[in-house]
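Here is the structure we will look at, set down as C-alpha coordinates.
The values are calculated or read from the model by the stated rules, or taken from the named source; none is laboratory data. It should be emphasised that the depicted structure is a prediction, and the values quoted were computed from it without experimental measurement. All Cβ positions, even for glycine, are placed from backbone atoms using ideal geometry, and neighbour counts span all protein chains on display. When the accessible area is computed, the model is the full protein with side chains, heavy atoms only, and any ligands, DNA or RNA have been set aside. Shrake-Rupley method; radii C 1.70, N 1.55, O 1.52, S 1.80 Å.
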Amino acid sequence: MEFSRRLIEALRNARSVAVMTGAGVSAESGVPTFRDAQTGLWSTFRAEDLATPEAFRRDPKTVWEWYALRREMMKTVEPNPGHRALAELERRVARFTLITQNIDNLHRRAGSRNVLELHGNIFRTKCFAEDTVVDEWLETGEVPPRCPKCGSYLRPDVVWFGEMLPSREMAEAVKASQTCEAFFSIGTSGIVYPAAGLAYEAIRHGSFVVEINPDATPLSVHAGAVLTGPSGEILPHLLTAVWPEADSPVD
Ligand code: BJW
(Lines give C-alpha, C1' and ligand atoms only; values in the text may rest on other atoms or scores of the structure.)
Protein backbone atom coordinates (compact mmCIF):
# COMPACT_ATOMS: atom_id res chain seq x y z
CA MET A 1 0.00 0.00 0.00
CA GLU A 2 1.48 3.37 -1.10
CA PHE A 3 0.98 6.71 0.68
CA SER A 4 2.08 10.14 -0.55
CA ARG A 5 5.18 11.71 1.00
CA ARG A 6 3.06 14.75 1.89
CA LEU A 7 0.63 12.61 3.93
CA ILE A 8 3.41 10.73 5.72
CA GLU A 9 5.25 13.95 6.62
CA ALA A 10 2.02 15.67 7.72
CA LEU A 11 1.18 12.85 10.13
CA ARG A 12 4.75 12.33 11.37
CA ASN A 13 5.14 16.04 12.19
CA ALA A 14 1.64 16.63 13.59
CA ARG A 15 1.57 17.55 17.27
CA SER A 16 -2.24 17.54 17.29
CA VAL A 17 -4.56 15.18 15.45
CA ALA A 18 -8.36 14.96 15.43
CA VAL A 19 -10.16 11.94 14.03
CA MET A 20 -13.86 11.76 13.16
CA THR A 21 -15.28 8.26 12.72
CA GLY A 22 -18.58 6.89 11.46
CA ALA A 23 -20.26 3.53 11.09
CA GLY A 24 -17.83 2.32 8.41
CA VAL A 25 -15.05 1.96 11.01
CA SER A 26 -17.08 -0.79 12.69
CA ALA A 27 -18.15 -2.51 9.46
CA GLU A 28 -15.17 -4.89 9.57
CA SER A 29 -16.23 -5.87 13.12
CA GLY A 30 -19.54 -7.03 11.65
CA VAL A 31 -21.68 -4.04 12.67
CA PRO A 32 -23.82 -3.04 9.67
CA THR A 33 -23.42 0.65 8.73
CA PHE A 34 -26.35 2.91 9.66
CA ARG A 35 -27.66 3.15 6.12
CA ASP A 36 -27.18 -0.59 5.44
CA ALA A 37 -28.50 -1.76 8.80
CA GLN A 38 -31.93 -3.00 7.81
CA THR A 39 -32.15 -6.71 7.10
CA GLY A 40 -34.65 -9.52 7.72
CA LEU A 41 -37.78 -8.49 9.63
CA TRP A 42 -36.51 -4.92 9.88
CA SER A 43 -35.99 -4.43 6.13
CA THR A 44 -39.41 -2.78 5.79
CA PHE A 45 -38.30 0.05 8.12
CA ARG A 46 -35.89 2.83 7.12
CA ALA A 47 -33.29 3.46 9.84
CA GLU A 48 -33.82 7.23 9.36
CA ASP A 49 -37.52 6.78 10.22
CA LEU A 50 -36.83 4.87 13.46
CA ALA A 51 -34.11 7.17 14.83
CA THR A 52 -36.44 10.07 15.72
CA PRO A 53 -38.35 11.19 18.84
CA GLU A 54 -41.52 11.25 16.72
CA ALA A 55 -41.10 7.54 15.89
CA PHE A 56 -40.62 6.76 19.59
CA ARG A 57 -43.74 8.74 20.55
CA ARG A 58 -45.75 7.01 17.84
CA ASP A 59 -44.48 3.46 18.41
CA PRO A 60 -42.17 3.19 21.45
CA LYS A 61 -42.24 -0.62 21.46
CA THR A 62 -40.92 -0.98 17.89
CA VAL A 63 -38.17 1.61 18.42
CA TRP A 64 -37.10 0.06 21.78
CA GLU A 65 -37.01 -3.42 20.22
CA TRP A 66 -34.91 -2.17 17.27
CA TYR A 67 -32.33 -0.78 19.68
CA ALA A 68 -32.48 -3.86 21.94
CA LEU A 69 -31.63 -6.04 18.95
CA ARG A 70 -28.78 -3.79 17.81
CA ARG A 71 -27.44 -3.57 21.41
CA GLU A 72 -27.33 -7.38 21.69
CA MET A 73 -25.53 -7.62 18.33
CA MET A 74 -23.02 -4.88 19.30
CA LYS A 75 -22.22 -6.77 22.53
CA THR A 76 -21.07 -9.81 20.57
CA VAL A 77 -18.62 -8.07 18.19
CA GLU A 78 -14.96 -7.17 18.74
CA PRO A 79 -12.87 -4.11 17.81
CA ASN A 80 -11.08 -4.56 14.47
CA PRO A 81 -7.55 -3.52 13.34
CA GLY A 82 -8.88 -0.05 12.40
CA HIS A 83 -10.09 0.61 15.98
CA ARG A 84 -6.80 -0.72 17.36
CA ALA A 85 -4.69 1.40 14.99
CA LEU A 86 -6.55 4.53 16.17
CA ALA A 87 -5.88 3.62 19.81
CA GLU A 88 -2.20 3.25 18.89
CA LEU A 89 -2.22 6.57 17.01
CA GLU A 90 -3.37 8.26 20.24
CA ARG A 91 -0.23 6.92 21.96
CA ARG A 92 2.02 8.35 19.23
CA VAL A 93 0.62 11.90 19.00
CA ALA A 94 0.97 14.62 21.65
CA ARG A 95 -2.63 15.90 21.44
CA PHE A 96 -5.20 13.48 20.08
CA THR A 97 -9.00 13.64 20.00
CA LEU A 98 -11.21 10.86 18.69
CA ILE A 99 -14.61 12.20 17.73
CA THR A 100 -17.09 9.44 16.93
CA GLN A 101 -20.64 9.31 15.67
CA ASN A 102 -20.75 5.63 16.62
CA ILE A 103 -22.77 4.38 19.58
CA ASP A 104 -21.18 0.92 19.77
CA ASN A 105 -18.38 1.55 22.34
CA LEU A 106 -15.80 -0.21 20.14
CA HIS A 107 -13.23 2.64 20.25
CA ARG A 108 -13.06 2.51 24.06
CA ARG A 109 -12.96 -1.28 24.01
CA ALA A 110 -9.97 -1.03 21.60
CA GLY A 111 -8.13 1.20 24.11
CA SER A 112 -8.88 4.74 22.86
CA ARG A 113 -9.09 7.15 25.80
CA ASN A 114 -9.90 10.67 24.63
CA VAL A 115 -13.19 9.77 22.93
CA LEU A 116 -16.03 12.23 22.27
CA GLU A 117 -19.27 10.37 21.52
CA LEU A 118 -21.37 12.87 19.56
CA HIS A 119 -24.40 10.61 19.05
CA GLY A 120 -24.48 8.94 22.47
CA ASN A 121 -23.97 5.33 23.48
CA ILE A 122 -26.38 2.45 22.96
CA PHE A 123 -25.27 0.84 26.25
CA ARG A 124 -26.70 3.77 28.26
CA THR A 125 -30.40 4.28 28.89
CA LYS A 126 -32.24 7.46 29.81
CA CYS A 127 -35.70 8.64 30.77
CA PHE A 128 -37.67 9.93 27.78
CA ALA A 129 -39.37 12.63 29.90
CA GLU A 130 -36.59 13.74 32.27
CA ASP A 131 -33.61 13.18 29.92
CA THR A 132 -31.55 11.74 32.81
CA VAL A 133 -29.43 8.59 32.66
CA VAL A 134 -31.05 5.59 34.36
CA ASP A 135 -28.84 2.66 35.43
CA GLU A 136 -31.40 0.28 36.95
CA TRP A 137 -35.08 -0.41 36.49
CA LEU A 138 -37.62 -3.08 37.20
CA GLU A 139 -38.20 -5.58 34.37
CA THR A 140 -41.97 -6.13 34.40
CA GLY A 141 -42.22 -7.39 30.84
CA GLU A 142 -43.58 -4.06 29.66
CA VAL A 143 -41.78 -2.76 26.53
CA PRO A 144 -40.22 -0.22 26.79
CA PRO A 145 -39.58 -0.45 30.52
CA ARG A 146 -40.51 2.49 32.76
CA CYS A 147 -38.37 5.06 34.57
CA PRO A 148 -38.21 4.07 38.28
CA LYS A 149 -38.50 7.75 39.29
CA CYS A 150 -41.25 9.22 37.13
CA GLY A 151 -42.86 6.25 35.35
CA SER A 152 -42.20 7.55 31.82
CA TYR A 153 -40.78 5.29 29.15
CA LEU A 154 -37.04 4.60 29.05
CA ARG A 155 -35.14 5.07 25.78
CA PRO A 156 -31.58 4.51 24.55
CA ASP A 157 -29.20 7.41 25.33
CA VAL A 158 -28.49 8.14 21.67
CA VAL A 159 -29.06 11.31 19.63
CA TRP A 160 -31.98 11.10 17.24
CA PHE A 161 -32.69 13.35 14.25
CA GLY A 162 -33.96 16.74 15.39
CA GLU A 163 -32.26 16.43 18.80
CA MET A 164 -29.34 18.49 20.07
CA LEU A 165 -25.93 16.86 20.37
CA PRO A 166 -24.39 16.77 23.89
CA SER A 167 -23.04 20.30 24.38
CA ARG A 168 -19.72 19.53 26.13
CA GLU A 169 -18.75 16.87 23.56
CA MET A 170 -19.75 19.10 20.65
CA ALA A 171 -17.82 22.10 22.01
CA GLU A 172 -14.70 19.97 22.53
CA ALA A 173 -15.08 18.46 19.06
CA VAL A 174 -15.31 21.91 17.45
CA LYS A 175 -12.23 23.07 19.37
CA ALA A 176 -10.23 19.96 18.42
CA SER A 177 -11.23 20.35 14.75
CA GLN A 178 -10.24 24.01 14.69
CA THR A 179 -6.87 23.51 16.39
CA CYS A 180 -5.54 20.23 14.95
CA GLU A 181 -2.75 20.03 12.39
CA ALA A 182 -4.17 16.86 10.82
CA PHE A 183 -7.85 15.80 10.68
CA PHE A 184 -9.09 12.36 9.59
CA SER A 185 -12.64 11.61 8.43
CA ILE A 186 -13.02 7.84 8.49
CA GLY A 187 -15.94 5.59 7.56
CA THR A 188 -18.64 8.23 7.47
CA SER A 189 -20.97 9.21 4.63
CA GLY A 190 -20.60 12.81 5.82
CA ILE A 191 -24.23 13.73 5.35
CA VAL A 192 -25.43 14.08 8.94
CA TYR A 193 -24.90 17.49 10.53
CA PRO A 194 -23.51 19.05 12.67
CA ALA A 195 -20.94 16.17 12.82
CA ALA A 196 -20.26 16.38 9.07
CA GLY A 197 -19.40 20.07 9.41
CA LEU A 198 -16.33 19.43 11.58
CA ALA A 199 -14.12 18.40 8.63
CA TYR A 200 -14.88 21.75 6.98
CA GLU A 201 -14.01 23.58 10.23
CA ALA A 202 -10.65 21.80 10.10
CA ILE A 203 -10.11 22.80 6.45
CA ARG A 204 -11.07 26.42 7.23
CA HIS A 205 -8.45 26.50 10.01
CA GLY A 206 -5.67 25.18 7.78
CA SER A 207 -5.56 21.53 8.89
CA PHE A 208 -4.45 18.75 6.53
CA VAL A 209 -7.64 16.72 6.03
CA VAL A 210 -7.52 13.02 5.14
CA GLU A 211 -10.51 10.87 4.22
CA ILE A 212 -10.56 7.06 4.49
CA ASN A 213 -13.57 5.38 2.88
CA PRO A 214 -14.19 2.78 0.16
CA ASP A 215 -16.66 5.22 -1.46
CA ALA A 216 -16.57 8.90 -2.36
CA THR A 217 -18.45 11.33 -0.09
CA PRO A 218 -19.25 15.06 -0.31
CA LEU A 219 -15.95 15.67 1.55
CA SER A 220 -13.76 13.80 -0.98
CA VAL A 221 -13.24 16.73 -3.35
CA HIS A 222 -12.21 19.01 -0.46
CA ALA A 223 -9.82 16.65 1.36
CA GLY A 224 -6.03 16.99 1.12
CA ALA A 225 -5.72 13.20 0.72
CA VAL A 226 -8.29 10.51 -0.02
CA LEU A 227 -7.43 6.90 0.85
CA THR A 228 -9.91 4.63 -0.90
CA GLY A 229 -10.62 1.35 0.88
CA PRO A 230 -11.57 -0.24 4.20
CA SER A 231 -10.21 1.54 7.29
CA GLY A 232 -9.30 -1.77 9.00
CA GLU A 233 -6.76 -2.38 6.24
CA ILE A 234 -5.58 1.17 5.52
CA LEU A 235 -5.01 2.45 9.08
CA PRO A 236 -2.50 -0.22 10.25
CA HIS A 237 -0.53 0.19 6.98
CA LEU A 238 -0.55 3.97 7.35
CA LEU A 239 0.85 3.81 10.89
CA THR A 240 3.60 1.44 9.74
CA ALA A 241 4.44 3.77 6.83
CA VAL A 242 4.67 6.80 9.15
CA TRP A 243 6.57 5.08 11.99
CA PRO A 244 8.42 2.18 10.28
CA GLU A 245 10.68 1.66 13.31
CA ALA A 246 7.75 1.04 15.73
CA ASP A 247 6.08 -2.29 16.50
CA SER A 248 3.08 -3.22 14.36
CA PRO A 249 0.10 -1.12 15.59
CA VAL A 250 -2.33 -4.02 15.84
CA ASP A 251 -0.34 -6.92 17.40
C1 BJW B 1 -16.52 2.16 5.30
C2 BJW B 1 -16.33 0.80 5.38
C3 BJW B 1 -15.05 0.34 5.82
C4 BJW B 1 -18.35 1.15 4.70
N5 BJW B 1 -14.11 1.23 6.13
N6 BJW B 1 -15.57 3.01 5.62
C7 BJW B 1 -29.67 20.41 6.58
C8 BJW B 1 -28.44 20.94 6.94
C9 BJW B 1 -27.93 20.70 8.20
C10 BJW B 1 -28.61 19.91 9.11
C11 BJW B 1 -29.81 19.41 8.75
C12 BJW B 1 -30.34 19.65 7.53
N13 BJW B 1 -31.54 19.02 7.47
C14 BJW B 1 -31.75 18.37 8.62
C15 BJW B 1 -30.71 18.59 9.42
C16 BJW B 1 -30.52 18.07 10.73
C17 BJW B 1 -30.10 16.62 10.82
C18 BJW B 1 -29.31 16.16 9.60
O19 BJW B 1 -28.12 16.31 9.50
N20 BJW B 1 -29.98 15.56 8.64
C21 BJW B 1 -29.32 15.14 7.39
C22 BJW B 1 -29.72 13.72 7.07
C23 BJW B 1 -29.63 16.15 6.32
N24 BJW B 1 -29.28 16.57 12.02
C25 BJW B 1 -29.82 16.46 13.22
O26 BJW B 1 -31.02 16.38 13.40
C27 BJW B 1 -28.86 16.48 14.39
N28 BJW B 1 -29.28 17.43 15.36
C29 BJW B 1 -29.31 18.73 15.09
O30 BJW B 1 -28.98 19.19 14.00
O31 BJW B 1 -29.73 19.49 16.15
C32 BJW B 1 -29.97 20.88 15.92
C33 BJW B 1 -31.33 21.04 15.30
C34 BJW B 1 -32.39 20.40 15.87
C35 BJW B 1 -33.66 20.57 15.31
C36 BJW B 1 -33.81 21.34 14.18
C37 BJW B 1 -32.71 21.96 13.61
C38 BJW B 1 -31.46 21.82 14.20
C39 BJW B 1 -28.86 15.14 15.09
C40 BJW B 1 -28.29 14.05 14.23
C41 BJW B 1 -28.32 12.73 14.99
C42 BJW B 1 -27.97 11.55 14.10
N43 BJW B 1 -28.22 10.36 14.80
C44 BJW B 1 -27.95 9.07 14.14
C45 BJW B 1 -28.65 7.95 14.92
C46 BJW B 1 -27.88 7.60 16.19
C47 BJW B 1 -28.44 6.41 16.89
C48 BJW B 1 -28.46 5.16 16.03
O49 BJW B 1 -27.43 4.71 15.51
O50 BJW B 1 -29.53 4.60 15.88
O51 BJW B 1 -26.55 8.85 14.06
S52 BJW B 1 -28.44 9.04 12.41
C53 BJW B 1 -27.09 8.09 11.85
O54 BJW B 1 -26.28 8.86 10.92
C55 BJW B 1 -26.24 7.80 13.08
C56 BJW B 1 -24.85 7.99 12.53
O57 BJW B 1 -23.95 8.29 13.58
C58 BJW B 1 -25.01 9.11 11.53
C59 BJW B 1 -23.96 9.17 10.50
O60 BJW B 1 -23.93 8.01 9.75
P61 BJW B 1 -22.52 7.38 9.33
O62 BJW B 1 -21.77 6.99 10.53
O63 BJW B 1 -21.85 8.29 8.39
O64 BJW B 1 -22.97 6.01 8.63
P65 BJW B 1 -23.46 5.74 7.14
O66 BJW B 1 -24.16 4.43 7.16
O67 BJW B 1 -24.22 6.89 6.58
O68 BJW B 1 -22.12 5.65 6.28
C69 BJW B 1 -21.18 4.65 6.47
C70 BJW B 1 -19.95 4.98 5.63
O71 BJW B 1 -18.95 3.99 5.89
C72 BJW B 1 -20.20 4.98 4.13
O73 BJW B 1 -19.65 6.18 3.57
C74 BJW B 1 -19.44 3.75 3.63
O75 BJW B 1 -18.89 3.93 2.33
C76 BJW B 1 -18.35 3.65 4.67
N77 BJW B 1 -17.75 2.31 4.86
N78 BJW B 1 -17.43 0.11 4.99
C79 BJW B 1 -14.35 2.51 6.02
N80 BJW B 1 -14.75 -1.03 5.92
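Taking only protein heavy atoms and a 1.4 Å probe, the accessible area of the range 111-248 is 53% carbon and sulfur. For residue 80, the shell of other residues with beta-carbons less than 12 Å away shows a net charge of -2, using +1 for Lys and Arg and -1 for Asp and Glu.
Residue 168 to residue 129: FRET efficiency via 1/(1 + (r/R0)^6), r the Cβ-Cβ distance, R0 30 Å, to the nearest 0.05?
The calculated FRET efficiency here is 0.85.
Placing +1 on each Lys and Arg Cβ and -1 on each Asp and Glu Cβ, with no other charges, gives the chain a dipole about its Cα centre of roughly 460 debye. Derived from the Cα gyration tensor, the three semi-axes of the equivalent ellipsoid of the chain are 34, 18, 17 Å, largest first. In a DSSP loop and with at most 12 other Cβ atoms within 10 Å, the GluC sites (Glu not before Pro) in the range 84-151 are 130, 136, 139, 142.
Calculated FRET efficiency, residue 6 to residue 143, Cβ-Cβ distance, R0 = 51 Å: about 0.40 to the nearest 0.05.
Helix 60-76 and the long axis of the chain differ in direction by around 40°, with both axes built from C-alpha atoms.
The residues of the chain have, on average, 49 Å² of accessible surface per residue, using a 1.4 Å probe with all protein chains present.
Put simply, the range 9-131 fits an ellipsoid with semi-axes of 31, 16, 12 Å; these come from the alpha carbon gyration tensor as the roots of five times its eigenvalues, largest first. Modelled this way, with points 7 Å down the Cα-to-C-beta line, the labels at residue 215 and residue 46 are 1.5 nm from one another. Could you state the number of Å between the C-alpha centres of the range 1-27 and the range 51-124? A separation of 20 Å, based on Cα centres. The slack in the chain from residue 16 to residue 68, taken as 0.36 nm per residue of separation less the alpha-carbon distance, amounts to 15.0 nm. Annotation note: trypsin sites (Lys or Arg not before Pro) in the range 1-97 located in DSSP loop regions with a Cβ neighbour count of at most 13 within 10 Å are 15, 46. Amide H contacts under 5 Å for residue 208: 182, 183, restricted to partners 5 or more places along the chain or on a different chain, H placed in the peptide plane at 1.01 Å from N. Proximity of backbone amide H atoms, modeled 1.01 Å from N, is registered between residue 116 and 98, 99, 100 at under 5 Å, excluding neighbours fewer than 5 places apart on the same chain. Say a paramagnetic label sat at a point 7 Å from the Cα of residue 57, along Cα to Cβ; which residues of the range 93-137 have their backbone N under 18 Å from it? Backbone N within reach: 127-132.
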